[in-house]
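Undergrad: Below you will find the structure I want to go over with you.
The values are calculated or read from the model by the stated rules, or taken from the named source; none is laboratory data. The structure displayed is predicted, hence computed values, not measured ones. Cβ placement follows ideal geometry from the backbone for every residue including glycine, while neighbour counts extend to all protein chains displayed.
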């Protein structure tokens, strides 16, 4: 994805904690054995490798990656000799399929409020059901011109339960999300400008990410590049395939027949006089990369300097993301602008940064490996990995207990809401049975007894089923045809809308 430095470091730490051996030995071109570490690869780059691995010809490729949470665009130059050079990369870390879901949710909730006077956005459980239904509708509209959103018993008021039934057309959905589609254009045009290419100079556009199945997104790609996006690769699998190919090539060492020249997606620099961001490594610089520059002091007799490292494209340092800082002490007192301090930025093949500051007069130096605010030292990574192995069984039990507790709390929330809304239509014995079952669940939760909690949850489901049956019997009516495919216990009998939306939320 469009990762910053801290996210890259966190990925490396996560692999080590999980027990993956990220270091390996290969034979270099001179025949010597050298140690290497597995590389982090950008998703668009991996997709390009998967697409072009068996197509050995010179071509410029754009990878248009619109996934669930982020949008990435990369421009690559692929050569006959197997060299994959990333020319530029850009993106929007806050644009993805979730935003398209939210736009549809807001519309549906607004229409429901107009009709019934109830704002579903104030009910977290109702919104969870609506989110799942809107996500399904979005996917359906990539294949169909219209779809139905059907959520029985989405809420209730004094007059009784309310059902949500609405038909959404493809054109209607496209109008709702057009502002999101338009947001894809700016990163694409910026990536092309950084690569010094026109849209018509791109030979192929590879579509990656589930959202690229949406016809309006495919139309946007054609509008920008003047050609259809390539649909010959599975957008959900292509990244994993490309990463696997790159991993195999790394293990081959000198025998590898492809070479990947990746870039850093964001500019790296330091804060200098006046709060200015002084770039050291511009964005889209091919990595690994090393650069040194000479800086000086801003005041007379200054014996210490603070090196503050930032990441971003804004001209003022404080407008960018601060990713680390350190002090260089022991500088001999001298007039301003006399001392010479060499600052070196070194970016490895994984995009992880090391910064060194050295006083050229004394030879004193300080350095930092930028790990971000959530970064971990090697010792901390190793300790966490050992603890994970030592407590594996305990962690498994805790997770299972937490998941079961989440199921129980969700069920209790639904039942307490039902009792509050329609409790006057239930007998005292029904209400007492439900309250007793809820109390049993609470006691099992306090004891942290997994077996007892599972048993109590089962009894709670039985009490819920009995209550629902008596509620319908007292109403003197059967459920409508839209809800006949499910029982109040949530067991499936048909009608995926009801079952999925009601009972899939467990975490």
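Undergrad: Quick one: which residue in 454, 431 is part of a helix (DSSP H, G or I), in the same structural domain as residue 409 (by TED's automatic domain parsing), under 25 Å from residue 161 (Cα atoms) and out of contact with any strand residue (DSSP E or B) (no Cβ under 6 Å at 6 or more places or on another chain)?
TA: 431
Undergrad: Do you know which of the residues in the stretch 273-287 that are modelled with pLDDT under 85 and surrounded by fewer than 18 Cβ atoms within 10 Å (Cβ to Cβ) is nearest to the chain's Cα centre (by Cα)?
TA: Once the filter is applied, the top-ranked residue is 286.
Undergrad: Okay, moving on. So for the stretch 347-356 (the condition being touching a strand residue (DSSP E or B) at 6+ places or on another chain (Cβ under 7 Å), more than 16 Å from residue 267 (Cα to Cα) and surrounded by 12 or more Cβ atoms within 10 Å (Cβ to Cβ)), does at least one residue qualify?
TA: Yes - at least one qualifying residue is present in the stretch 347-356.
Undergrad: So, one more: Restricting attention to the stretch 369-378, does a residue exist that is modelled with pLDDT of 80 or more, in a strand (DSSP E or B), over 30 Å from residue 447 (Cα atoms) and touching a strand residue (DSSP E or B) at 6+ places or on another chain (Cβ under 8 Å)?
TA: No, the stretch 369-378 has no match at all.
Undergrad: Right, another one. Report yes if residue 420 is loosely packed, with under 14 Cβ neighbours inside 10 Å, within 25 Å of residue 162 (Cα to Cα) and either at pLDDT 80 or above or assigned by TED's automatic domain parsing to the domain that holds residue 165 (or both), otherwise no.
TA: yes
Undergrad: Output yes when any residue across the stretch 98-106 is surrounded by fewer than 23 Cβ atoms within 10 Å (Cβ to Cβ) and touching a residue at least 40 places away in the same chain (Cβ under 8 Å), and no when none is.
TA: Yes: the stretch 98-106 contains one or more residues that are surrounded by fewer than 23 Cβ atoms within 10 Å (Cβ to Cβ) and touching a residue at least 40 places away in the same chain (Cβ under 8 Å).
Undergrad: Okay, next question. Looking only at the stretch 204-229, count every residue that is in a loop (DSSP other than H, G, I, E, B) and surrounded by 14 or more Cβ atoms within 10 Å (Cβ to Cβ) and tell me the total.
TA: Count: 4.
Undergrad: Restricting attention to the stretch 295-305, does a residue exist that is in a strand (DSSP E or B) and surrounded by fewer than 19 Cβ atoms within 10 Å (Cβ to Cβ)?
TA: So far as the stretch 295-305 goes, yes, one or more of its residues are in a strand (DSSP E or B) and surrounded by fewer than 19 Cβ atoms within 10 Å (Cβ to Cβ).
Undergrad: Regarding residue 431, is this residue surrounded by fewer than 13 Cβ atoms within 10 Å (Cβ to Cβ), modelled with pLDDT of 80 or more and more than 30 Å from residue 321 (Cβ to Cβ)?
TA: Against the criterion (surrounded by fewer than 13 Cβ atoms within 10 Å (Cβ to Cβ), modelled with pLDDT of 80 or more and more than 30 Å from residue 321 (Cβ to Cβ)), residue 431 does not qualify.
Undergrad: Could you tell me whether the stretch 152-172 includes any residue that is surrounded by 15 or more Cβ atoms within 10 Å (Cβ to Cβ), in contact (Cβ under 8 Å) with a residue 24 or more places away in the chain and part of a helix (DSSP H, G or I)?
TA: yes
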